[in-house]
Structure formats: C-alpha cells, structure tokens
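Beneath this line is the structure, given in structure tokens, with notes to follow.
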Amino acid sequence: MCVMALVSISVLSSFSVPQMESNASEDSQHGEANVASQGDGINDTQLCAFIELRETLPELWNPDNPSSSNMHKRNVALDKLLVVYKEMKPTATRDDARKKLNSLRTNLRKELKKIESSM
C-alpha cells in the first residue's frame, strides 16, 4: 500500500465516527473482511484503489507534466478516476472526484504539518 494511502486513510479515520469493536470470530463466520469504514461509507480498500489509480495519472498531481495544463487530458484522467469513485459513491460526478482528490491532498498536508511541528 502506498504511503499516501496509509496517511490519507489514517487522516480520514481520525475524522470518522468511532466504530464499536467487533468480534473477530463473528466476522470470520460470515466470511467478511474486517475493513475499517470511513465516515462517508468508503472503506480502506476502495480508498486505496482510488489513490493508487491517481498515482498512475501524473497529469493530476505533477505540475511538471506537460499534460497537467491540458484540461482535456486532465478531464480524461478524472473520468478514469470517476469509474473507481463511483464504486464508493454511485451518484458521483467528475466534480465530486475532483473534490475528493482535493480533500485527500488537503488532509495529507495538514497531517504532515502536524508531524513536522511536533518534532
């Protein structure tokens, strides 16, 4: 799992409603994976898939990439992300995927700033 995914998951988990502890034997009896759920109904596996796909689309995160200033290429990349995001939120639009990226980026920066200030 990527570092950004781990940090983003921990950041998002800190803002979600605390969950009650579940009995591991109950989860195994039902064949369900014990996956922490985010406050907005997104589980860690889905979020990791979203982040890992984003990492393969440099036009969305690398300002040095020539495609980053091409809105058509950025929209095509956002549409690829939207396919994964719709698994989490079926009514999502391209704008929702863009907002999710921005919130993950903002939360990552805030957490890194907290870590730096604590050292």
In the stretch 97-119, residues that are without any contact (Cβ under 8 Å) to a residue 12 or more places away in the chain and over 12 Å from the mean Cα position of the chain (by Cα) total 8
With the condition being over 22 Å from residue 108 (Cα atoms) and at pLDDT below 90, I'd like the helices (runs of 4 or more DSSP H) fully within the stretch 1-95 carrying at least 3 qualifying residues. 24-30
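The values are calculated or read from the model by the stated rules, or taken from the named source; none is laboratory data. Predicted model only: the values in this text are computed from it and were never measured. FYI the Cβ positions are ideal-geometry reconstructions off the backbone, even for glycines, and counts take in every protein chain you see.
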